[in-house]
């Protein structure tokens, strides 16, 4: 066969021979925490790649190898990479820590309470190897020197200690040498700024001679100056009631505590009616002496014209003044007498309820059975 004919046959064969094309694989996509060595971007069919976990991640399951197939796709990887965790940190005494998680790259922020100083890193991070970047810090108390001692005074510490340094919160109680008085803070302590609280002073305190009270008396008659915390007692004259403390005290300011007052009795200012006093009934004209003590209560009976019945209305003696209810004053024939304040000397009586049964209306007959106290009650 001629050479030219052979060459023609070879070319025709080449044209009709089927060509099988193979696709290449690109760089594989990686799951969370996975890594691939090298920078190669294109892989041929049959190429195998070994996957690994990044720093801070741990392989938990599955094969690490994937293969580029003829279709240009990688075989499926079953490798799983989980984030490494650090141990949970201990709590910080006298401080706070702020954290969200303890996995790789998580951080913890530390702060100390007032009066304490942070010793160590204020922020630590969970590293790729499951260890914290720094050991947990500590909060140490602020240091103070010894407290200032007032002249003629001393301090009694809460607990024994040695040396010339104290720490935040350590304290004691100040005392003055008698008869001096402590003016200011009774307690002292090492504060958050490194200084002790302001110390008190020791001073001599006296109160001037106490004064009398109206309608009353003092139990002593020694008109002299009194020292701190010395006391004086008061009492009241006959029928007057002591309102306030029986005893007053000389204060550290040089003043006396609030004095009491003697409150006056009241006259029951009616001319006709019945009284219930100490669970006994008698006419007002037989109620002698005609007076009730301060703070005692009386009730007068008023008339309900429509229902033809009586009802009680209370009123109270307040320091010599006893207001008769208007309903009582408006329905009776006789005018109420204006009572006067009397000053009599006796010991104060205990408080009692006094019920005063009232008068007639102007149109009524002066009959005991017509009194609001004697008819049916509302």
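The values are calculated or read from the model by the stated rules, or taken from the named source; none is laboratory data. If you're wondering where the values come from, they're calculated on a predicted model, not measured in any experiment. Using ideal geometry, Cβ is built from the backbone for each residue, glycine included, and neighbour counts are taken over all protein chains shown.
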Given (1) more than 30 Å from residue 46 (Cβ to Cβ); (2) without any contact (Cβ under 8 Å) to a residue 60 or more places away in the chain, index of the condition residue 69 fails: (1)
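If a residue must be under 27 Å from the mean Cα position of the chain (by Cα) and either surrounded by fewer than 13 Cβ atoms within 10 Å (Cβ to Cβ) or more than 15 Å from residue 148 (Cβ to Cβ) (or both), how many such residues does the range 170-184 contain?
Filtering the range 170-184 down to residues under 27 Å from the mean Cα position of the chain (by Cα) leaves 170-173, 184.
Those still in the list that are either surrounded by fewer than 13 Cβ atoms within 10 Å (Cβ to Cβ) or more than 15 Å from residue 148 (Cβ to Cβ) (or both) too: none.
Matching residues across the range 170-184 total 0.
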Just need a number here: residues in the range 97-118 that are in a loop (DSSP other than H, G, I, E, B), surrounded by 16 or more Cβ atoms within 10 Å (Cβ to Cβ) and within 29 Å of the chain's Cα centre (by Cα). 1
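Any idea how many residues of the range 86-98 are within 12 Å of residue 124 (Cα to Cα) and at pLDDT 95 or above?
To start, the set of residues in the range 86-98 that are within 12 Å of residue 124 (Cα to Cα) comprises 86, 89, 97-98.
After this cut, where a residue has to be at pLDDT 95 or above as well, the list is 86, 97-98.
Here the count works out to 3.
Residue-wise test of (1) part of a loop (DSSP other than H, G, I, E, B); (2) free of Cβ contacts under 8 Å to residues at least 40 places away in the same chain.
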site: 248; (1), (2): no, yes
site: 254; (1), (2): yes, no
site: 259; (1), (2): yes, no
site: 269; (1), (2): yes, no
site: 285; (1), (2): no, yes
site: 298; (1), (2): no, no
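Determine which member of the set 134, 158 is closer than 30 Å to residue 102 by Cβ, modelled with pLDDT of 95 or more and surrounded by fewer than 16 Cβ atoms within 10 Å (Cβ to Cβ). Show your work before the answer.
Details: 158 fails: closer than 30 Å to residue 102 by Cβ.
It is 134.
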Could you please find all residues in the range 211-229 being under 27 Å from residue 178 (Cα atoms) and surrounded by 15 or more Cβ atoms within 10 Å (Cβ to Cβ)? 226, 228
